[in-house]
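For reference, the structure discussed in these notes is given below.
Values in this text are rule-based calculations from the coordinates and carry no lab data. Everything numeric in this text was worked out from a predicted model, so none of it was measured. Counting neighbours? That spans all protein chains shown, and the Cβs are built from the backbone with ideal geometry, glycine included.
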Amino acid sequence: MNKNWFRAAAVTAALGTASLSADTVTLSDGSRVIGTVERLGDGKLILKTEFAGTLEIDATIVTSISTDQKVNIGMTTGDRLVGPIRWAPSKKTATIDTAMGKVPVQVNDIAAVWPEGAKSPEQLAIEAQVAQEKKELEARIGKWSFTMEAGILSKEGNKELLEARGRLELKRKSSIDLLKFYAAGDYGEQNNVRSTAEVRGGGYYEYNFTDRWYAYTGVEFEYDEFEMLDLRTTLTLGAGYYWIKEDTHELKTRLGTGYRHESFFSGVTVDDVLLDLGLDYRIDIKPWLTFTHATSYQPSIDDFDDYRLVFDNALVFPIGDSDMWKFKVGALFEYDNLPAPGVEQLDKTFYGNVVMEIK
């Protein structure tokens, strides 16, 4: 199609603001469509109609366009005219009905057209560019969020009791990295005797060196009175890949190595070099319902029979209409293939936590 045809036809691109006027589009088969021209370009004419909604018309079959409403016509000379316009593709001249009378203009001299009272295309382009740059900067800087969980749980395995559970997490996520710090604890009593006392905490950092690939490092500290564990320190690092990376759906895996040091109340210490394999999955089943899953597998490199395996599944949904308050129900399975003497291999935790999230 002739390049000048599109340039001239652009005079109708911003005519959608006048509700009492109508644009007339004539097609090559002789039919006429009445509506409001919203955009013309890329070989398509977008026309908003009362009877059929918004139509997308092939521009090659358009033979004429006219409007009754006033528009701004910016000329290549820098001058500006205001008024309704009449133009047909077969003509090289468009007519603008200005307050001073009808003014013919060459189609090639028209630089831009926009509705009367609206922002010019140049101004809109500048604002769009500024908005895009601001959005990209905010995405790179990231946003901080704070999450607090608290609740009670039912636990089977080494202990059968009621416990209080809590977790704090501070997180910053951007388009290029993820940083979080967390602390969690479980405390329980049975018949006024302490039966659970466990504290965990640590940090995690993830850097995206491509859109899908990332490098990570993490550190975790753990104390468990009833596993006779004075301190377990685990350092990990490695790389991972996002198989699914969407706002509402995410799947990633990781593979790395690490070092684990354990010291027990008895004075015994254990040091291991280990593999670190993991999978994290999240999906928004509904706008109000999220499912999360995390798997962690850490075998000792010296002895693959010495490993820890953790599964954590949860459903999260809001409490009422609040975006801040949520409820989280889940099941946590922790398996230690070679536990300390007198300690069972599998701990099963079923929990229900109230969650407060501040973004």
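From most to least packed by mean Cβ count within 10 Å, the peptides 198-210, 182-194 give 198-210, 182-194. Pull up the cross-link candidates among the aspartates and glutamates for residue 102, meaning alpha carbon to alpha carbon under 19 Å and not fewer than 8 places away within one chain. Cα-Cα hits under 19 Å: 23, 68, 79, 116. A straight line joining the Cα centroids of the stretch 283-353 and the stretch 114-144 runs 42 Å. Each residue of the stretch 294-308 is assigned a 3J(HN,Hα), and the resulting list reads 9, 10, 9, 10, 10, x, 6, 5, 6, 8, 5, 6, 9, 9, 10 Hz, derived from the Karplus form 6.51 cos²θ - 1.76 cosθ + 1.60 (θ = phi - 60°), x at Gly and Pro. Note on residue 301/residue 279: beta-carbon distance plugged into 1/(1 + (r/R0)^6) with R0 of 22 Å gives a FRET efficiency of 0.65.
Candidate cross-link partners of residue 135 among the aspartates and glutamates, defined by an alpha-carbon separation under 13 Å and a same-chain spacing of 8 or more, comprise 127. Working from Cα pairs under 8 Å separated by at least six residues, relative contact order for the stretch 155-238 is 21 percent. Extension gain for residue 118-residue 221 works out to 31.1 nm (0.36 nm per residue, less the C-alpha to C-alpha distance). For residue 293 and residue 135, the FRET efficiency from 1/(1 + (r/R0)^6), where r spans their Cβ atoms and R0 equals 35 Å, is about 0.70.
Per residue, the convex hull around the alpha carbon atoms of the chain comes to 195 Å³.
Nearest 20 debye, what's the magnitude of the dipole of the chain about its Cα centre given +1 on Lys and Arg Cβ and -1 on Asp and Glu Cβ?
Working: 40 positive and 55 negative charges, 528 e Å.
Dipole about the Cα centre, nearest 20: 2540 debye.
For the pair residue 266 and residue 173 in one chain, pulling the backbone fully straight at 0.36 nm per residue adds 29.4 nm over the alpha carbon distance.
Given only helices, namely DSSP H runs of n ≥ 4 each adding -39500 (n - 2.57), what is the per-residue ellipticity at 222 nm of the chain, to the nearest 500 deg cm²/dmol? Please report the intermediate quantities before stating the final value.
Numbers: 2 runs with 28 residues, N = 359.
Helix contribution divided over all residues of the chain: -2500 deg cm²/dmol.
For the pairs 328/348; 134/286; 245/326, note any where the Cα-Cα span goes beyond 22 Å. All intermediate terms of the calculation are to be shown ahead of the outcome.
Numbers: 328/348 17 Å; 134/286 30 Å; 245/326 24 Å.
Correct reply: 134/286; 245/326.
For the pair the stretch 52-67 and the stretch 243-271, the centres of their Cα atoms are 60 angstrom apart. Projecting the Cα atoms of 141, 181, 352 onto the dipole axis of the chain, where Lys and Arg carry +1 and Asp and Glu carry -1 at the beta carbon, places 141 farthest toward the positive end.
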